[in-house]
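*Asks:* Sharing a structure below in structure tokens format, with a few things to ask.
The values are calculated or read from the model by the stated rules, or taken from the named source; none is laboratory data. None of these values were measured; they are calculated from a predicted model. Cβ placement follows ideal geometry from the backbone for every residue including glycine, while neighbour counts extend to all protein chains displayed. Accessible surface areas use protein heavy atoms only, side chains included; no ligands, DNA or RNA. Shrake-Rupley method; radii C 1.70, N 1.55, O 1.52, S 1.80 Å.
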Amino acid sequence: MIEIINLQKKFGENVALNGITTTVKDGEKVVVIGPSGCGKSTFLRCLNCMEDPTGGSIIFGGEDLADMRVDINRHREKMGMVFQQFNLFNNMTVLENIMLAPVHLRTKRLKKAKRKNFRRRIANLFRKEKKALIEITETKASIKAEAEANAHKLLARIGLEEKADVYPATLSGGQKQRIAIVRSLAMNPQVILFDEPTSALDPEMVGEVLDLIRELANEGMTMVIVTHEMGFAREVADRVIFMSDGVITEEGTPAEIFDHPQNPRTQQFLRAVLH
């Protein structure tokens, strides 16, 4: 699914990631833990190139996302991301937030296909062997209608269909984060990256967000989750990665990491957060 090879990231003289190598398999739930400032969020942001890696490779869909020549936006359609601070557009309704990306990207592809057909029609006037036109089966109206129907379906799934026409400012933190998650699902991604999805929530709202992530995990969604929720990490993870000072210090199954950590830095961290 995603192969990370010697990933490096520097901010000036500060080394945030110093040679991360690991693989995320199809359907795997990978949870990343570690002290604040160890590079966990930077690691996620590099995976979908919100931060440009300084070195190394990120192989996804057969291409290296760290290669500046790659169309990263095409790959981001298949790699959703959920942020700490929700990142919903406050000037758009909940429904419009969920519809925005799929409508924009599908409309962009539609325009590209129409332009290509126009050029082929012109070129075919001067060719003996005519090139076939691209078959176009959708319109702007059909794209919007499908996106709207899917958005309503996703809102119904999380019990917030009645919030379709309200603005994010009127919602609780837990509601905002659940909507941010289904906004990622609207793109039908192959993998979702979660960057501390509960850290900005009041304690009573954490459970409703974790329940949705559990549900997605049980359905087989590939996930990379940065979190401080150790109980949740133990429950949902197939593999736990412990990071410290920009490197992977230790990784293994939840039982291996939480019950029998081998590295002294991992042991020190878990003693601090579990007791």
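*Asks:* Would you pick out the residues in segment 234-245 that are at pLDDT 95 or above and open to solvent by 40 Å² or more (accessible area, probe 1.4 Å)?
*Replies:* Within segment 234-245, just Asp238 meets the criteria.
*Asks:* Output the residues belonging to segment 150-189 that are open to solvent by 50 Å² or more (accessible area, probe 1.4 Å), touching a residue at least 40 places away in the same chain (Cβ under 8 Å) and part of a helix (DSSP H, G or I).
*Replies:* Once the filter is applied, which keeps residues that are open to solvent by 50 Å² or more (accessible area, probe 1.4 Å), touching a residue at least 40 places away in the same chain (Cβ under 8 Å) and part of a helix (DSSP H, G or I), segment 150-189 yields Asn150, His152, Lys163, Ala169.
*Asks:* Can you name every residue in segment 231-275 that is under 22 Å from the mean Cα position of the chain (by Cα), assigned to a loop (DSSP other than H, G, I, E, B) and acidic (Asp, Glu)?
*Replies:* Passing the criteria: only Asp238.
*Asks:* Which residue, of Ser41, Ser36, is polar (S, T, N, Q), out of contact with any Pro (no Cβ under 8 Å at 6 or more places or on another chain) and not in a loop (DSSP other than H, G, I, E, B)?
*Replies:* Ser41
*Asks:* Let me ask something else about it. If you go through segment 79-137 one residue at a time, how many are polar (S, T, N, Q) and in a helix (DSSP H, G or I)?
*Replies:* Residues that pass the stated criteria total 4.
*Asks:* Can you run down the residue pairs with Cβ atoms below 8 Å, 6 or more apart or on separate chains, where the first is in segment 135-149 and modelled with pLDDT under 95 and the partner is among the basic types (Lys, Arg) and open to solvent by 60 Å² or more (accessible area, probe 1.4 Å)?
*Replies:* Listed by first residue and then by second, the contacts come to Ile136/Lys114.
*Asks:* Still on this structure: Please specify each residue of segment 66-115 satisfying the condition of being at pLDDT 90 or above, in contact with a Leu (Cβ under 8 Å, 6 or more places away or on another chain) and surrounded by 15 or more Cβ atoms within 10 Å (Cβ to Cβ).
*Replies:* Of everything in segment 66-115, those that are at pLDDT 90 or above, in contact with a Leu (Cβ under 8 Å, 6 or more places away or on another chain) and surrounded by 15 or more Cβ atoms within 10 Å (Cβ to Cβ) turn out to be Met79, Gly80, Met81, Val82, Val94, Leu95, Asn97, Ile98.
*Asks:* In addition: Among the residues of segment 8-16, is there at least one that is in contact with a Cys (Cβ under 8 Å, 6 or more places away or on another chain) and among the basic types (Lys, Arg)?
*Replies:* yes
*Asks:* Output the qualifying pairs, or none if there are none: Cβ atoms under 7 angstrom, residues six or more apart or on different chains, first residue in segment 66-80 and farther than 13 Å from Ile2 by Cα, second residue open to solvent by 30 Å² or more (accessible area, probe 1.4 Å) and of a type outside the set (Val, Ile, Thr).
*Replies:* Once the first residue is farther than 13 Å from Ile2 by Cα and sits in segment 66-80, its partners that are open to solvent by 30 Å² or more (accessible area, probe 1.4 Å) and of a type outside the set (Val, Ile, Thr) give Val70/Glu63; Val70/Asp64; Glu77/Leu105; Glu77/Met187; Gly80/Met187.
*Asks:* I need a count of the residues in segment 19-65 that are charged (D, E, K, R) and open to solvent by 50 Å² or more (accessible area, probe 1.4 Å).
*Replies:* Going through segment 19-65 one residue at a time, the tally reaches 5.
*Asks:* Out of all the residues in segment 201-233, which are more than 20 Å from Lys176 (Cβ to Cβ) and either open to solvent by 20 Å² or more (accessible area, probe 1.4 Å) or not hydroxyl-bearing (Ser, Thr, Tyr) (or both)?
*Replies:* Selection gives Ala217, Asn218, Glu219, Gly220, Met221, Val224, Met230, Gly231, Ala233.
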